[in-house]
Amino acid sequence: MVKATDLKRVEIESFVKSFLLFFISMSTLISGLFYLYYLNELQDIDKETLAKMGICNYTLDCPKYSVDFVKKEGQVTYSLYKNEEELSSFYPIKGADDFFLKIFIKYDDYHQKVELLHAVLVRYLLLTLLVVLLLSITFSLYVLHPLRSALRLTQEFVKDILHDFNTPISTMRLNLSLLSEKQKGDTKIKRIERSVNTILSLQDNLRHYLLKYQNKEELFLLYDLVVERVDMIERNYMDIEYSIDIPKELNIQSNQKALSRILDNLLSNASKYNKEEGKVSIVYNPKNKELSITDTGKGIVQPKRVFERFYKEQSEGIGVGLNIVKKLCDELGIKISMSSEVNVGTKVYLKL
């Protein structure tokens, strides 16, 4: 049984999205600001180096800098030149029209200053990102709180509705049992009884989905279960031809109520969206232990999306049936897949 404090999937998804949005946006902004600050500091180092070279031009007392005389070849005076070997600047010499005074420093000395700046900024950047990480977690948890409250209220509301259903459904079952005794063999009463049982099954599955009750496995005959569910469905779709190819002695270990809900939904869809005088076949393949439900209906344009909540391609329904089927299959450890072709039909596979 899942603990009440556990985050549900939708809450985890909301937390992750909020965290990533806040953390990535803030980290990008801060990294950009640090980079601009880094470029500005580089400019300050260059200006400081050029200023010291200018002082050296007047005093020639600069042990960290070297001095040389070079021919004029279009160099711009009082400017800083950089290459992989040195940083240099050129100054005019009175009385020497063909030469410049060159003051330079090895690039390694300059590079040490840059590396020191780089190391300091990276250290501060990492500390800042750590603070942003903690703020992002705090912010995401704060944003998540209203969502969790809303989900909790919704669950409580649905639980109350499920509880309120008990009285009218119990009354219906009691009156149906009295009617069945008076009018034995009436097929209409049997259909109503099956429909009431279907409502009860839906109620149980919804309660299981909300409260996360642990599925109790039991041993039962798959053929008998499929025949029972088909018998309930086919009475509402008299023009559809149903065929069952399952070994009668085949026993499976699973939760019978949950599997009944899965079959009801799949058989209902296969019948509802079938063509007139269409076919629905239920086949069990003992080689790969796979149950398949095939119809000759309209087909599905995007079969990979049918298990998404609220996704639908027809005007009927609200698009949650197959999403519940997928959740029940996950609970039972059943792998479900689907293939479909428009105007040809759909085939659903259940790996039991």
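The values are calculated or read from the model by the stated rules, or taken from the named source; none is laboratory data. Remember, it's a predicted structure, so these values are computed and weren't measured experimentally. A quick note on method: Cβ atoms are made from the backbone with ideal geometry, for glycine too, and the neighbour counts reach across all protein chains shown.
Among the residues of segment 281-298, are any closer than 28 Å to Phe220 by Cβ, buried (at least 17 other Cβ atoms within 10 Å of the Cβ), of a type in the set (Lys, Arg) and in contact with an Asp or Glu (Cβ under 9 Å, 6 or more places away or on another chain)?
no
Could we say that Asp61 is outside any helix (DSSP H, G or I) and of a type outside the set (Lys, Arg) here?
Criteria met by Asp61.
Any chance you could count how many residues in segment 62-77 are modelled with pLDDT of 90 or more and out of contact with any strand residue (DSSP E or B) (no Cβ under 7 Å at 6 or more places or on another chain)?
Qualifying residue count, segment 62-77: 1.
List the number of the failed condition for Lys47; all other conditions in (1) in a helix (DSSP H, G or I); (2) among the basic types (Lys, Arg); (3) in contact (Cβ under 8 Å) with a residue 12 or more places away in the chain hold.
(3)
Here is a yes/no grid of residues against (1) under 30 Å from Glu84 (Cα atoms); (2) touching an Asp or Glu at 6+ places or on another chain (Cβ under 8 Å); (3) without any contact (Cβ under 8 Å) to a residue 40 or more places away in the chain; (4) not acidic (Asp, Glu):
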{"residue": "Leu116", "(1), (2), (3), (4)": "yes, no, yes, yes"}
{"residue": "Leu127", "(1), (2), (3), (4)": "no, no, yes, yes"}
{"residue": "Val131", "(1), (2), (3), (4)": "no, no, yes, yes"}
{"residue": "Ile137", "(1), (2), (3), (4)": "no, no, no, yes"}
{"residue": "Arg152", "(1), (2), (3), (4)": "no, no, yes, yes"}
{"residue": "Gln155", "(1), (2), (3), (4)": "no, no, no, yes"}
{"residue": "Val158", "(1), (2), (3), (4)": "no, no, no, yes"}
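Going residue by residue through segment 6-19, is there one that turns out to be under 30 Å from Ser140 (Cα atoms), of a type in the set (Gly, Ala, Ser), at pLDDT 85 or above and not in a strand (DSSP E or B)?
So far as segment 6-19 goes, yes, one or more of its residues are under 30 Å from Ser140 (Cα atoms), of a type in the set (Gly, Ala, Ser), at pLDDT 85 or above and not in a strand (DSSP E or B).
Pairs only if they're at least six apart or on different chains, beta carbon under 8 angstrom, first in segment 289-306 and farther than 14 Å from Gly345 by Cα and assigned by TED's automatic domain parsing to the domain that holds Leu263, second outside any strand (DSSP E or B) and of a type in the set (Ser, Thr, Tyr); list them, first residue then second.
So the pair list comes out as Arg305/Tyr311.
Quick grid of which residues meet (1) assigned by TED's automatic domain parsing to the domain that holds Gly32; (2) aliphatic (A, V, I, L, M); (3) under 30 Å from Val70 (Cα atoms):
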{"position": "Leu87", "(1), (2), (3)": "yes, yes, yes"}
{"position": "Phe90", "(1), (2), (3)": "yes, no, yes"}
{"position": "Gly95", "(1), (2), (3)": "yes, no, yes"}
{"position": "Phe100", "(1), (2), (3)": "yes, no, yes"}
{"position": "Leu117", "(1), (2), (3)": "yes, yes, no"}
{"position": "Arg123", "(1), (2), (3)": "yes, no, no"}
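Are any of the residues in segment 306-323 at pLDDT 90 or above, of a type in the set (Lys, Arg) and surrounded by 13 or more Cβ atoms within 10 Å (Cβ to Cβ)?
There is no residue in segment 306-323 that is at pLDDT 90 or above, of a type in the set (Lys, Arg) and surrounded by 13 or more Cβ atoms within 10 Å (Cβ to Cβ).
Filter segment 199-219 for residues that are at pLDDT 70 or above and under 14 Å from Ile262 (Cβ atoms) and give the result.
Those that are at pLDDT 70 or above and under 14 Å from Ile262 (Cβ atoms): none in segment 199-219.
If only one of Glu277, Glu249, Glu218, Glu228 is within 15 Å of Gly297 (Cβ to Cβ) and surrounded by fewer than 17 Cβ atoms within 10 Å (Cβ to Cβ), which one is it?
The unique qualifying residue is Glu277.
Considering every residue within segment 125-147, establish whether at least one is within 20 Å of Leu50 (Cα to Cα) and surrounded by 14 or more Cβ atoms within 10 Å (Cβ to Cβ).
No, segment 125-147 contains no residue that is within 20 Å of Leu50 (Cα to Cα) and surrounded by 14 or more Cβ atoms within 10 Å (Cβ to Cβ).
Residue by residue, here is whether (1) within 23 Å of Val132 (Cα to Cα); (2) among the charged types (D, E, K, R); (3) loosely packed, with under 13 Cβ neighbours inside 10 Å holds:
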site	(1), (2), (3)
Arg9	no, yes, yes
Ser14	yes, no, no
Phe19	yes, no, no
Thr28	yes, no, yes
Tyr58	no, no, yes
Ser79	no, no, yes
Glu86	no, yes, no
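Can you report the number of residues in segment 271-288 which are closer than 17 Å to Lys335 by Cβ and in contact (Cβ under 8 Å) with a residue 12 or more places away in the chain?
Of the residues in segment 271-288, 4 are closer than 17 Å to Lys335 by Cβ and in contact (Cβ under 8 Å) with a residue 12 or more places away in the chain.
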